[in-house]
1. Among the residues of region 265-278, are any within 13 Å of the chain's Cα centre (by Cα), more than 16 Å from the ligand (Cβ to nearest atom) and not in a helix (DSSP H, G or I)?
2. Starting from residues that are open to solvent by less than 10 Å² (accessible area, probe 1.4 Å) and among the charged types (D, E, K, R), keep the ones in region 272-315 and report whichever is farthest from Glu360 (Cα to Cα).
3. Go through region 278-321 and give me each residue that's among the charged types (D, E, K, R) and closer than 20 Å to Gly161 by Cβ.
4. Name the single residue that is nearest to Ile146 (Cα to Cα) among those in region 330-364 being among the acidic types (Asp, Glu) and in a loop (DSSP other than H, G, I, E, B).
5. Just to be sure before I move on: is Thr241 on the phi < 0 side of the Ramachandran plot and either within 15 Å of the chain's Cα centre (by Cα) or of a type in the set (A, V, I, L, M) (or both) in the structure I sent?
6. Return yes or no: is Thr142 farther than 23 Å from Thr241 by Cα, open to solvent by 20 Å² or more (accessible area, probe 1.4 Å), more than 16 Å from the ligand (Cβ to nearest atom) and polar (S, T, N, Q)?
Amino acid sequence: MKKILLIGALLLGCLQESDLYAQEDSSPKVILITLDGFRWQELFTGADSLLITNEEYVADTTGLKKQFWRKNAKERRERLMPFVWGSIDEMGQIHGNRSLGSKMNLTNKHWFSYPGYNEILSGKADDERITSNDKINNPNRTILEIANNRPAYKGKVVAFGSWDVFPFIINEERSGVPVNAGFEIATEDKLTERERFLNELQPIVPSPWGTVRFDAFTHGYALEQMKKTHPDLVYISYGETDDFAHDGDYQEYLTSANRTDGFIKELWDFVESDKYYKGNTTFLITTDHGRGTKPLDTWKSHGKDIKGADEVWLVAFGKGIESRGEVTSKEQLYTDQIAASVAKLLNVQVGQAKMGPEFEFITN
Ligand SMILES: [Zn+2]
């Protein structure tokens, strides 16, 4: 009799577990995306008139103007980011147009990448300890790590980055969050055909940079992983915009931003076509820092000595984000609010972690 009861209890246990699993499937998902060092100026007004005609920064000014120049700023931004301004504008929110009073700033004082990503992902600036882009394991826990340590999201968190410092920023070792970044290939047991193809291609395509791969690889691996294993929290860091800007190549900077807009559309189209993600996925998109504007050549750089390099932006859409379009009212957002917002969207308790407050516009 005891045995039968035990078997019955075990069966019941299994049933409950599968029920729980089914509930988890309808649980919220978040896709967090960054475009490294992409300025709010281009996001909101498109190509810069002083740069697009400048032969110092553009190889083919005629061709680039044909592609991205329009007299009116609204038309220009639609040319540059057609998905943001044609679709997200209708279904989501676009924050950070400072000329309308909507502001978003970094809270860290360094205004370069590692401090920026640490602030985005851990929800708090750490100006004392995060002072370089060196490959040092982050002492702070990111929202990726916190979620991955909760039973509901264990093994359901992944990160992809073009820059090879991400395994350290996310502290892959301690966090257990798989990070595919820099020139890493996909190494799981079961690779899809596309992953195998990306693995073949990546080592034979030359990159202009030693520590950053082309975003097409980062994007390809991320999208394929979403199709294959349906992770609940995905972080994708596109890197080209910053590197082309440092190179002083405005043509490639714009073209890359335009391609990334297309990547985001592709991710959204997939999410909308996929039973697992459709209707319960939120996208948050931001940048790790801004860049300068005056003098003109400071568009190439950032850091604490470059005025305006702490000015950033946020694009949000999907579940829990009501449609407001471009925010035209006065507001002040900060980058250290992102991690807490991801936690709220996922219903994850962050425990002792100190983070900026979640964005008030997140409704679920
Ligand atoms: Zn940079």
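The values are calculated or read from the model by the stated rules, or taken from the named source; none is laboratory data. In this text the structure is predicted, and so the values were computed from the model without any measurement. Cβ: placed from backbone, ideal geometry, glycine included. Neighbour counts: every protein chain shown. The protein model used for the area step is the full one, side chains on, heavy atoms only, and it has no ligands, DNA or RNA in it. Shrake-Rupley method; radii C 1.70, N 1.55, O 1.52, S 1.80 Å.
1. Within region 265-278, none of the residues are within 13 Å of the chain's Cα centre (by Cα), more than 16 Å from the ligand (Cβ to nearest atom) and not in a helix (DSSP H, G or I).
2. Arg291
3. Residues of region 278-321 that are among the charged types (D, E, K, R), as a first pass: 278, 288, 291, 294, 297, 300, 304-305, 307, 310-311, 319.
Within region 278-321, Asp288, Arg291 meet the criteria.
4. Here is the first cut: in region 330-364, the residues among the acidic types (Asp, Glu) are 331, 336, 358, 360.
The next check asks that each one be in a loop (DSSP other than H, G, I, E, B); those that pass are 358, 360.
Details: Glu358: 16, Glu360: 21 Å.
Selected residue: Glu358.
5. On the way: on the phi < 0 side of the Ramachandran plot: yes; either within 15 Å of the chain's Cα centre (by Cα) or of a type in the set (A, V, I, L, M) (or both): yes.
Here the answer is yes, as Thr241 does meet what is asked.
6. Details: farther than 23 Å from Thr241 by Cα: yes; open to solvent by 20 Å² or more (accessible area, probe 1.4 Å): no; more than 16 Å from the ligand (Cβ to nearest atom): yes; polar (S, T, N, Q): yes.
In short, no.
Residue by residue, here is whether (1) surrounded by 15 or more Cβ atoms within 10 Å (Cβ to Cβ); (2) part of a helix (DSSP H, G or I) holds:
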site: Phe160; (1), (2): yes, no
site: Arg174; (1), (2): no, yes
site: Val177; (1), (2): yes, no
site: Glu188; (1), (2): no, no
site: Leu191; (1), (2): yes, no
site: Glu195; (1), (2): yes, yes
